Structure formats: structure tokens, C-alpha cells
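Asker: Below you'll find the structure I mean.
The values are calculated or read from the model by the stated rules, or taken from the named source; none is laboratory data. Computed from a predicted model, the values in this text were never measured in an experiment. Here the Cβ positions follow ideal geometry from the backbone for every residue, glycine too, while neighbour counts run over all protein chains shown.
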Amino acid sequence: GSARDSLSLLDQAMALSNDGNISEEKIRQMLGLSDQSRIIDLYEFISNTEIEKALLEVKDQVDIGIDPVNLIESLGDLIHELTRLKVTDSSDDNLSLGPEGFSRIKSLKDKISVKHLSRYWQMILKASSEIKNFSKPLAALEMAIIRMSYISDLPTPDEIIKKIEGNNTESSEKKSPNSEVNNAIKVVPTVSVKPVQQEKIIEENREFDPKSFEDIIELVRLNKNIRLQYDLENNVSLVSFEKGKIELNILNNDEKILFTLSNKLQEWTNEKWLIVSSSAQGQKTIKEVRDDDKFELHSLIKEHPIYTKAIIEFDTVDITSIEEVPKLSLVSNENNDQDDKVDDK
């Protein structure tokens, strides 16, 4: 069977050779295999961010019959060989490149780090799947080449961190202690809901004595009435507050909020509360206060040197979330130091 298949391929090659000469190039075209020397050319275009030349090379190879899947996999084989040569002292020509081709990739391995090669490898694995599944393989291949070209001259995340930390160290040496304090970002805490320490959560709601509208919302939260909490934070504006009476401007015209709040407060505090609707302009909603605090915090962060340096390194930078890191306890550090001294003794 294998001999018969070989003869069939040989007959096809002879049919494609008008002059009777069967060359390696014609065999590659017939089988849809890429030329390794041209794969090296493609890699050099990508690593040098010569996107137009890289796309022309891809189009030329596809036009002569090279399968896009085979092309991206051949590029993956080259990346694998470069990485293997980078981390070992091997001199085996695993890709059968010949003396000239092998000397080319040996010179290329000294111009790129393993980290960048690993990034190329991950992108090729993803691109291979995209090319196989997309209805237009050439378009998917071209997009992969463009992504690889743009990522080739970008620093790795740890390189960016080291660069930023190095610049911060230099700038901190030039600044005085007073200026350093003034330039530090001050995190503005959210003031919408009065914080309650977890160890002092009230066992019985009747012992809870709300003295502000924030206390009312906190009481609603403790009783896990999510719908009422949402309405109080988003759909009402506080006009006035006093013990036993709250005046609210209902922004969504849902008067049920008043009755629900009144009934729940009486149930939770064992006291009657008068909840009055008002058309007067009240304070900002809890959500509006949070949004203002968030906007102010974002503005402060965007003025920080780390953020400005990140903008220089990347085309698009955006703040997606902010988390406050708890401060380390000085007491625990002092205790650890004392323990270390005891151990030393």
C-alpha cells in the first residue's frame, strides 16, 4: 500500500513537471509544504516588526499552494527549535535546514530571549486553532502574524515592573521626605455606608439605634433585604432625617419603598417610623456619592508616576478595578523581631 501511494505521488509530480524535471520546490507546492528558508524569512520579518513584508510573505506562500495551517505550524516548529537551541548546547539540525539555514537560526537565537519565544509559542498555539476553525484561514493567519509582530517589540511584564521600580527608586532618592508625602496618593474611602466592625454585629435588631440615614441602610444590609437596600442606595434622595421620621424624594416614583421601609423599621427596631415622600431636592444618592468618590480616586491614580509610565509602555491603559491593600501591623512586626532576637540568643 505504501509503495502504491508513493508511485501515485510520483505520477502526480511527473504530471506537474512540464519539462520532466522534478524539483524540491515543485514537490513542496504539490504537497502544500512550506520552504524552511522562507519560514525563517517570515520569522525575521515578524521579530523586526516589518508587518507589511511579513503579510506579503504569507500571501505569496499561500498563493503557491501552501496550507495556512501548515504555515503556522512550520513557524511553530521554528520557534520550538530556536527555544531548544537557546536552552541547550545541542547542534542537531532537527528541521533539516542544511548548513546555511541552521547557521541562520543559530545567529537568531542570540537576538531574542526565552520569554519572548514563549510568548510567540503561546500565540502560535492559539492561532493554529483559530485558523483550523475559521471559515477564512488566510484572514486568521494574517491576524496572527500582525499580533505577533506588534508583541515582538513590547517588554515582558516583569521587565516593565523592574523598569518602573528602578525609576521610582531614582526619583525617591532625589525627592525630600516632605515632597514624597505630598505626592503620595490619598485613597478616599467610600462614605455611603457607615462601617460596622464585624466583631460588633448586633445580635438583635431591636438593640440597633439608627442615628443617620447611613445607619438605616446598614440595618437593611444586616437583615439581608437586598431589594430595599438597592432602592435606598439608588432610587431615593434624603431630604431630612430625625429620630422616628425620614423625609425622602422618591426618584423612580415607586411609593412602595416608603411603606416597605416603614414596616421593616418598625419590625426591626420595635419603634414606629414615619417615612414621608417629598418633592424637595435632597442630597445626592448613595450611588452618586460612590461614583464621585470613584471618579476622584481614578483622577488621583492617573496623576501618579506609575500610571503615566504605564501609558508610555502600552498603547491602551485603563483602570478596571481598585482594591485597597490592608496595611501591615507594626505590632506583629515588632513581635516577630523580638522572637528573632530570642531565637538568636
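Asker: Say we look at the range 235-258 and pick out the residues that are assigned to a strand (DSSP E or B) and of a type in the set (D, E); which of these is farthest from D215 (Cα to Cα)?
Answerer: Once the filter is applied, the top-ranked residue is E247.
Asker: Separate question: Give me a count of the residues in the range 216-234 that are touching a residue at least 24 places away in the same chain (Cβ under 8 Å) and part of a loop (DSSP other than H, G, I, E, B).
Answerer: Adding up the residues that qualify gives 2.
Asker: Okay, next question. Would it be correct to say that L97 is in the same structural domain as I145 (by TED's automatic domain parsing) and either acidic (D, E) or under 30 Å from the mean Cα position of the chain (by Cα) (or both)?
Answerer: No: the conditions fail for L97.
Asker: Scan the range 295-324 and report the pairs whose first residue is closer than 16 Å to G166 by Cβ and whose second residue is at pLDDT 80 or above and surrounded by 10 or more Cβ atoms within 10 Å (Cβ to Cβ), with Cβ atoms within less than 9 Å and a gap of 6+ or a chain change.
Answerer: T308/K302
Asker: Kindly indicate the residue of the range 146-158 that is β-branched (V, I, T) and farther than 15 Å from L125 by Cβ and also modelled with the lowest pLDDT among those meeting that condition.
Answerer: Result: T156.
Asker: Take the residues in the range 110-140 that are closer than 26 Å to L85 by Cα, hydrophobic (A, V, I, L, M, F, W, C) and within 24 Å of the chain's Cα centre (by Cα), then tell me which one is surrounded by the most Cβ atoms within 10 Å (Cβ to Cβ).
Answerer: A127
Asker: Continuing with this model, one more query. Considering only the range 290-307, I want to know if a residue exists there that is basic (K, R) and touching a helix residue (DSSP H, G or I) at 6+ places or on another chain (Cβ under 6 Å).
Answerer: Taking every residue of the range 290-307 in turn, none turns out to be basic (K, R) and touching a helix residue (DSSP H, G or I) at 6+ places or on another chain (Cβ under 6 Å).
Asker: How many of the residues in the range 216-268 are of a type in the set (S, T, N, Q), surrounded by 12 or more Cβ atoms within 10 Å (Cβ to Cβ) and farther than 15 Å from Q283 by Cβ?
Answerer: 7
Asker: OK, next. Having 3 or more residues that are modelled with pLDDT of 75 or more and in contact with a Phe, Trp or Tyr (Cβ under 8 Å, 6 or more places away or on another chain) is the bar; report the helices (runs of 4 or more DSSP H) wholly within the range 1-85 that clear it.
Answerer: In the range 1-85, the matching helices (runs of 4 or more DSSP H) lie at 51-63.
Asker: Any residue that is among the hydrophobic types (A, V, I, L, M, F, W, C), modelled with pLDDT of 80 or more and not in a loop (DSSP other than H, G, I, E, B) - is there at least one of those in the range 263-270?
Answerer: Within the range 263-270, one or more residues are among the hydrophobic types (A, V, I, L, M, F, W, C), modelled with pLDDT of 80 or more and not in a loop (DSSP other than H, G, I, E, B).
Asker: Next up: Of all residues in the range 269-300, which are surrounded by 14 or more Cβ atoms within 10 Å (Cβ to Cβ) and of a type in the set (A, V, I, L, M, F, W, C)?
Answerer: W273, I275, I286, V289, L297, L300 - these are the residues of the range 269-300 that are surrounded by 14 or more Cβ atoms within 10 Å (Cβ to Cβ) and of a type in the set (A, V, I, L, M, F, W, C).
Asker: In addition: F134 - would you say it is hydrophobic (A, V, I, L, M, F, W, C) and at pLDDT 75 or above?
Answerer: yes
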